[in-house]
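Novice: What follows is a single structure, and I will ask about it in a moment.
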Amino acid sequence: MSRILIVDDREENLYYLETLLISHGYQVDTASQGNEALDKARNTPPDMIVSDLLMPIMDGYTLLQQWKSDSRLSRIPFIIYTATYTEESDRELALDLGADAFILKSAEPEAFLKVLWQIQDQPHIAKPIATSPISLDENTILKTYNQTLVRKLEEKSRQLEIANRALQKDIARREATEAALRVSVERFRLLAQATSDAAWDWDMLSDNRWWNDGFTQLFGHRRADSQPDDAAWAELIHPDDREEVLAGRRLAISKNDNNHWSASYRFRCADGHWAQVEDRGHLIRDDHGTVIRMVGGMTDITNRITMEKQLHRAQRLEALGMLTGGVAHDFNNLLTVVMGNAQILEDSLHDHPDNQKLARMITEAAERGADLTHRLLAFARQQSLTPRAVNLNQLVLGIKPLLQRTLGSNIVITLELDSRLPAVYVDPSELEHALLNLCVNGRNAMPLGGNLTISTRATQTSDSTELDLSRGQYVALSITDTGTGIAPELVDRLFEPFFTSAEQGAGTG
């Protein structure tokens, strides 16, 4: 079994050649430097040496010179195997120094092995050892060797310069990328602070959620609790909405052709009340289509929904007013005919008192109907009001006897009237109707009796008041009773016409 010494300063090259040669029956020894190879060869001479040229400390040319100058080693074939020295002059120098073959590392394994086999099969005769001073030919070889080293050094310098320029460009690109990233991060931070929404960023790989300050500002959670993870966010969703929201998000994530998700649900605030929110998210996928991140924002739409409900209610009231006005006009025309004929009939029945009484009842019913149409037209804003300066205290005192008879003896009426009350500009008839209806509603809330208080007072409003009134002096009329009160869910319907919570037959509400 032939023994080959391989010399190369790169581990991967040594591993490649060692594997190749061992697989073809060779015994292999390795060295990473020229001086190391000389020591090993002098201790245990190999049958052949394969050496690289470009190596630190002692390069391949120097090793070749030393090898061929050693009487014990000069007969052993020396093969150059290089990827750096590829010029014809490099080959000629190696052969002049005594190399038996010059192989480029680009050669295929079969070609490399073929050269080894050819050299192995030929008898090898060593060159005579030089015993005299360096001859002219040897001086020429050394000069060529030095020129080759200088050329390779220049080539390496150029390669290093090119690599340095490429590295500088790469550093410049990295610095530009980092600067752009810093600008992008700063822009995102400013946008997150400027928006009134609760912006969020969910990294699904680490299950980490980031929230901007809008989360605390909108929903009031303390700073320490203002960065909930995904599970904590889900717990804040109303139980009746939670499963639908999470199922919708899972469906959006599972669809490869979908990159958007949105949901509307109730979200618990720090004070316990539920805010109606609109949540939107953008899905970010990797190269395989798997969602790895979601970025989005939550908007509190509670006020918007309230305004929409108020708008719909106003629209319904407007339509109801138009309908009421039309019905009232037609009904008023019919009542005119009824009242006119009833009065003529009453005047013609002087000799029939009983029938005349019936005719008078028809007239009175028609008059009450006319009064009702007057109110309907007033509601529909089609009946003109006749406001004038009125002393509110006198109006209340004037209607008290009627109220006492209407409310019954089990209701105690108390008047608390401000003596310094200024005059008010109202339609006294409409105000009396309103006052009477409010008191009747109070009586219905006190079936077993109670106290009803009517009070008047002068007041001054400012711009900070919750009422939609300009600053100035006003008169307040209030009616309170000791009845059962109004259910909280009915408060929003207080001023809705024709609405009543009273049971059938228990009054008009």
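The values are calculated or read from the model by the stated rules, or taken from the named source; none is laboratory data. Keep in mind that this is a model prediction, so the values were computed, not measured. Ideal geometry is used to build each Cβ from the backbone, glycine not excepted, and the neighbour counts take in all protein chains shown.
Novice: Having 3 or more residues that are in the same structural domain as Gln120 (by TED's automatic domain parsing), surrounded by fewer than 17 Cβ atoms within 10 Å (Cβ to Cβ) and at pLDDT 90 or above is the bar; report the helices (runs of 4 or more DSSP H) wholly within segment 1-97 that clear it.
Specialist: Counting at least 3 such residues, we get 11-22, 34-43.
Novice: For Leu167, are the conditions met, namely being modelled with pLDDT under 70 and either exposed (fewer than 14 other Cβ atoms within 10 Å of the Cβ) or among the aromatic types (Phe, Trp, Tyr) (or both)?
Specialist: Against the criterion (modelled with pLDDT under 70 and either exposed (fewer than 14 other Cβ atoms within 10 Å of the Cβ) or among the aromatic types (Phe, Trp, Tyr) (or both)), Leu167 does not qualify.
Novice: Hey, could you check segment 98-116 for residues that are touching a Phe, Trp or Tyr at 6+ places or on another chain (Cβ under 8 Å) and in contact (Cβ under 8 Å) with a residue 60 or more places away in the chain and say which is surrounded by the most Cβ atoms within 10 Å (Cβ to Cβ)?
Specialist: Here the answer is Phe112.
Novice: Being among the charged types (D, E, K, R), over 21 Å from Ala423 (Cα atoms) and at pLDDT 80 or above is the filter here, so list the residues in segment 456-482 that pass it.
Specialist: Asp481
Novice: When residues of segment 285-308 are filtered for being surrounded by 12 or more Cβ atoms within 10 Å (Cβ to Cβ), closer than 16 Å to Asp257 by Cα and among the charged types (D, E, K, R), how many remain?
Specialist: Adding up the residues that qualify gives 2.
Novice: Show the residue pairs that are 6+ apart or on different chains and have beta-carbon atoms under 7 Å apart, the first residue being within segment 434-451 and assigned by TED's automatic domain parsing to the domain that holds Val396 and under 9 Å from Asn410 (Cα atoms), the second being charged (D, E, K, R) and assigned to a helix (DSSP H, G or I).
Specialist: From segment 434-451, no pairs qualify.
Novice: Now a separate question. Going by what's in this entry, would Phe219 be described as under 17 Å from Gly296 (Cβ atoms) and at pLDDT 80 or above?
Specialist: Yes, satisfied.
Novice: Could you go through segment 270-284 and let me know if any residue there is exposed (fewer than 11 other Cβ atoms within 10 Å of the Cβ) and in a helix (DSSP H, G or I).
Specialist: No, segment 270-284 has no match at all.
Novice: Quick one: Gln315 ticks every box in (1) in a strand (DSSP E or B); (2) out of contact with any His (no Cβ under 7 Å at 6 or more places or on another chain); (3) of a type outside the set (D, E, K, R) bar one, so which box is it?
Specialist: (1)
Novice: Going residue by residue through segment 421-438, is there one that turns out to be of a type in the set (Gly, Ala, Ser), in contact with a Lys or Arg (Cβ under 7 Å, 6 or more places away or on another chain) and either farther than 23 Å from Leu372 by Cα or not in a helix (DSSP H, G or I) (or both)?
Specialist: no
Novice: If you check Asn341 against the conditions, is it part of a helix (DSSP H, G or I), polar (S, T, N, Q) and exposed (fewer than 11 other Cβ atoms within 10 Å of the Cβ)?
Specialist: Taking the combined requirement at face value, the residue does not satisfy it.
Novice: Separate question: Within segment 245-259, how many residues turn out to be surrounded by 12 or more Cβ atoms within 10 Å (Cβ to Cβ) and outside any loop (DSSP other than H, G, I, E, B)?
Specialist: So the count comes out to 6.
Novice: Checking the structure you have, find out if any residue of segment 247-269 is under 30 Å from Lys309 (Cα atoms), under 18 Å from the mean Cα position of the chain (by Cα) and β-branched (Val, Ile, Thr).
Specialist: So far as segment 247-269 goes, no, none of its residues is under 30 Å from Lys309 (Cα atoms), under 18 Å from the mean Cα position of the chain (by Cα) and β-branched (Val, Ile, Thr).
Novice: Only one of (1) in contact with a strand residue (DSSP E or B) (Cβ under 8 Å, 6 or more places away or on another chain); (2) of a type outside the set (Val, Ile, Thr); (3) modelled with pLDDT of 80 or more; (4) surrounded by fewer than 12 Cβ atoms within 10 Å (Cβ to Cβ) fails for Gly485. Which number is that?
Specialist: Against the list (1) in contact with a strand residue (DSSP E or B) (Cβ under 8 Å, 6 or more places away or on another chain); (2) of a type outside the set (Val, Ile, Thr); (3) modelled with pLDDT of 80 or more; (4) surrounded by fewer than 12 Cβ atoms within 10 Å (Cβ to Cβ), Gly485 comes up short only on (1).
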